[in-house]
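Since the structure comes first, as structure tokens, the remarks are kept for the end.
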Amino acid sequence: MSQTGHIVDRQEVAQVLERIAAFQELRGENAYRVRAFRTAARAVSSLPRPIQDALADGTLAETRGVGPATVQIIQEIVGTGHSSLLEDLREQVPPGLVEMLAIGGLGVTKIRQIHESLGVDTLPELEAAARDGRLAQLPRFGKRTAENVIRGIASLRQATEFRLHHHAREEAVRLVVALERLPGVLHAHIAGDVRRAMELVRDVVVVVEADCAPQEIFQRLADLPGVHEFAGQDERVVMLRFVGGASARVVVTTRVNAGAVLVQATGSAEHLRRLGEHAATSGHTLRAAALWRGNSFTATPDEGALYGALGLPWIPPELREGMGEVEAAAAGALPALVGPEDIRGVLHCHTVDSDGTNTVVELADAVAAAGFAYLGITDHSESAAYAGGLDPAIIAQQAAEIDGYNRRQSGFRALKGIEADILADGSLDYDAETLASLDFVIASVHSRFHMTEEEMTARVLKTMDNPYVAIIGHPTGRLLLARKAFPLDMDAIMEKAAAVGVALEINADPHRLDLDWRLLRRAKERGVKISIGADAHSIAGIANMEIGVGLARKGWLGPADILNTLPVDEFVRFACHRRPR
């Protein structure tokens, strides 16, 4: 496989297709053609396997929404790292106009009007026009539209400053694989925000151990297919930009100093500050990405050597936030963190019966093949008409299907569950008889997000009084880069959850990652059980579990804190322990 195949993956291909659609839309091209590219982008993004494999065996050409012409474009992207169509469109449409499409309330018609009437090509020019009154004077605009544009630009800047964890992680993984194929590279390591399992990533950072001079590695990096831009930052750091908009910082080091460089490149800044303070107590300093004792250099071929020289055990990257981990390490009090191998069950999965794309059997077989012992099916409930919520008759049909599946299995079990909507008054949208027919119930807020903190807290607290509720799903309702958490007194929620024996969810959908990891230690201290839910709407969503584990580790959680580390019978006992007998 070519180096390019490792650099360009399905998410980056989807980004290129989306950009083509946006450029074409602004040029006023046929709406059907624009829609076709967007449909293809969604299809490619949802592929459960590498784009190269789908191209090679012909499954991409058979994928709904991907036509022959689009396949040819994807072949070019994968084969060369570029799209000649996109490059042609770049010459025809100012890129700032495409960025404007991301501003709420500005459709193609208005953007064309702005461009043609005011000669505005970029976001800074648009912001200036909105502030000096020119935008408000355009027909069908006005002062309110100008104010909305100013707010939209501010939100867009904040959003584009970060990437979601799973996108950044995919970029980092494929870059590591490509780098390790280069002559002179001994190893490449993911560092930075990705390695610390941050939910939002500002920079993708990779550390390269090399047996040659950094400049030799830099020359080879610049020639990698798919690299759109290359810029040196200093004698050992470069910034790469790829087709589709991805970027990464590459740090090159010799093996003798790899540990210190990896610690520094992983961060966080506060962890490094506290580590430096601890180092000073033994006469060490961390400077110039190296460990020193006085003026004597200390070799650190790996991270363990650096922490060991400072009298500390190795600190897991997820904990390196300057929130007591250095002090805990010095005291021998670091927690034993949960790992992917500890998770026995995949919870919170949707099927074709609501808004998923796979059947019960397809999901169950995939979860079993991935090495798990059980699967929790939780389609949406009746009031979620937008998501094909299940009425009691469909619940009964699905239960019969699950029972039939389980009779054919040995060593694996599918569980009957539901993700019930928490209504505005805190009740659920099924009666007790329906809820009693299920193995477990997740209760989630999917509407009325704009209640006051007092109202929303009372709503969720009342839900936990329902004896059939086992888990509160995505408790704060946030959507990363899209919607803030709704107001909620989390201390009151945690206190009640611990008291009545309801678990709070880490929703591992990478667009949610809710609960926030900063709240997990507080939940642990109160004795609240935490479930990790994939919120999978397809087989590909099973992989969300690993992201959820990373978040749990970041919250200092061990296996005993996680509900779905339990064997299936113990999990069901927990889910049902409050039910009337």
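The table below lists the values:
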read-out: Members of the stretch 98-124 found to be in contact with a Leu (Cβ under 8 Å, 6 or more places away or on another chain) and assigned to a helix (DSSP H, G or I), listed by number; value: VAL98, GLU99, MET100, VAL108, ILE111, ARG112, GLN113, ILE114, HIS115, SER117, LEU118, LEU123
read-out: Selected residue [over 25 Å from LEU164 (Cβ atoms) and touching a Phe, Trp or Tyr at 6+ places or on another chain (Cβ under 7 Å)] from LEU89, LEU85; value: LEU89
read-out: Which listed residue is in the same structural domain as ALA420 (by TED's automatic domain parsing), part of a helix (DSSP H, G or I) and crowded, with 17+ Cβ neighbours inside 10 Å, from ARG553, ARG512; value: ARG553
read-out: From ALA191, ALA210, ALA197, residue being surrounded by 17 or more Cβ atoms within 10 Å (Cβ to Cβ), on the phi > 0 side of the Ramachandran plot and touching a residue at least 12 places away in the same chain (Cβ under 8 Å); value: ALA197
read-out: In the stretch 306-325, the residues that are in contact with a Gly (Cβ under 7 Å, 6 or more places away or on another chain), within 18 Å of TRP556 (Cα to Cα) and in a helix (DSSP H, G or I); value: GLU318
read-out: Yes/no for LEU118 being touching a residue at least 12 places away in the same chain (Cβ under 8 Å), touching a Ser or Thr at 6+ places or on another chain (Cβ under 8 Å) and surrounded by fewer than 17 Cβ atoms within 10 Å (Cβ to Cβ); value: no
read-out: Which listed residue, of THR59, THR70, THR63, is of a type outside the set (A, V, I, L, M) and in a helix (DSSP H, G or I); value: THR70
read-out: Residue check for VAL361: part of a strand (DSSP E or B), over 17 Å from GLN264 (Cβ atoms), in contact with a Phe, Trp or Tyr (Cβ under 7 Å, 6 or more places away or on another chain) and not hydroxyl-bearing (Ser, Thr, Tyr); value: no
read-out: Candidates VAL78, VAL71, VAL93 - the one that is more than 30 Å from ALA543 (Cβ to Cβ) and β-branched (Val, Ile, Thr); value: VAL93
read-out: Sole residue being outside the structural domain of MET198 (by TED's automatic domain parsing), out of contact with any Lys or Arg (no Cβ under 7 Å at 6 or more places or on another chain) and in contact (Cβ under 8 Å) with a residue 60 or more places away in the chain, chosen from ILE153, ILE111; value: ILE111
read-out: Neighbours by Cβ (under 9 Å, 6+ apart or cross-chain): first from the stretch 37-65, at positive phi; second at pLDDT 85 or above and polar (S, T, N, Q); value: GLY65/THR39
read-out: Selected residue (only one of LEU319, LEU390 is hydrophobic (A, V, I, L, M, F, W, C) and in the same structural domain as ALA424 (by TED's automatic domain parsing)); value: LEU390
read-out: Output for the stretch 264-323, where each listed residue is acidic (Asp, Glu) and either more than 18 Å from VAL207 (Cα to Cα) or modelled with pLDDT under 95 (or both); value: GLU270, GLU277, GLU321
read-out: Tabulated pairs, the stretch 244-264, first in contact (Cβ under 8 Å) with a residue 40 or more places away in the chain and over 30 Å from LEU86 (Cβ atoms), second in a helix (DSSP H, G or I) and acidic (Asp, Glu), C-beta under 8 angstrom, 6+ apart or interchain; value: GLY259/GLU303; LEU262/GLU303; VAL263/GLU303
read-out: The stretch 86-101 residues that are of a type in the set (Asp, Glu), paired with ones that are assigned to a loop (DSSP other than H, G, I, E, B) (beta carbon under 9 Å, 6 or more apart); value: GLU99/THR122
read-out: Every residue from the stretch 177-219 that is in contact with a helix residue (DSSP H, G or I) (Cβ under 9 Å, 6 or more places away or on another chain), part of a helix (DSSP H, G or I) and over 15 Å from GLU318 (Cβ atoms); value: VAL177, ALA178, LEU179, ILE217
read-out: Hits in the stretch 146-155 (condition: surrounded by fewer than 17 Cβ atoms within 10 Å (Cβ to Cβ) and either among the aliphatic types (A, V, I, L, M) or under 14 Å from VAL120 (Cβ atoms) (or both)); value: ILE150, ALA154
read-out: Single residue of the stretch 35-51 satisfying the filter (surrounded by 19 or more Cβ atoms within 10 Å (Cβ to Cβ) and out of contact with any Asp or Glu (no Cβ under 7 Å at 6 or more places or on another chain)) that is farthest from GLU25 (Cα to Cα); value: LEU47
read-out: Residue under evaluation VAL360, criteria (1) crowded, with 18+ Cβ neighbours inside 10 Å; (2) of a type in the set (A, V, I, L, M, F, W, C); (3) in contact with a Lys or Arg (Cβ under 9 Å, 6 or more places away or on another chain), criterion not met; value: (3)
read-out: So VAL44, is it out of contact with any Pro (no Cβ under 7 Å at 6 or more places or on another chain), under 21 Å from SER538 (Cα atoms), aliphatic (A, V, I, L, M) and in the same structural domain as ASP9 (by TED's automatic domain parsing); value: yes
read-out: Close pairs (8 angstrom Cβ cut-off, 6 or more residues apart or separate chains): in a loop (DSSP other than H, G, I, E, B) in the stretch 289-305, hydroxyl-bearing (Ser, Thr, Tyr) anywhere; value: ALA289/THR253
read-out: Within the stretch 381-424, considering residues that are crowded, with 16+ Cβ neighbours inside 10 Å and among the basic types (Lys, Arg), the one nearest to ARG448 (Cα to Cα); value: LYS416
read-out: Counted residues, the stretch 433-476 - those being of a type in the set (Gly, Ala, Ser), crowded, with 21+ Cβ neighbours inside 10 Å and part of a loop (DSSP other than H, G, I, E, B); value: 2
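The values are calculated or read from the model by the stated rules, or taken from the named source; none is laboratory data. Model, not experiment: these values are computed from the prediction. Quick reminder, even Gly has a Cβ in these numbers, built from the backbone with ideal geometry, and neighbours come from all protein chains shown.
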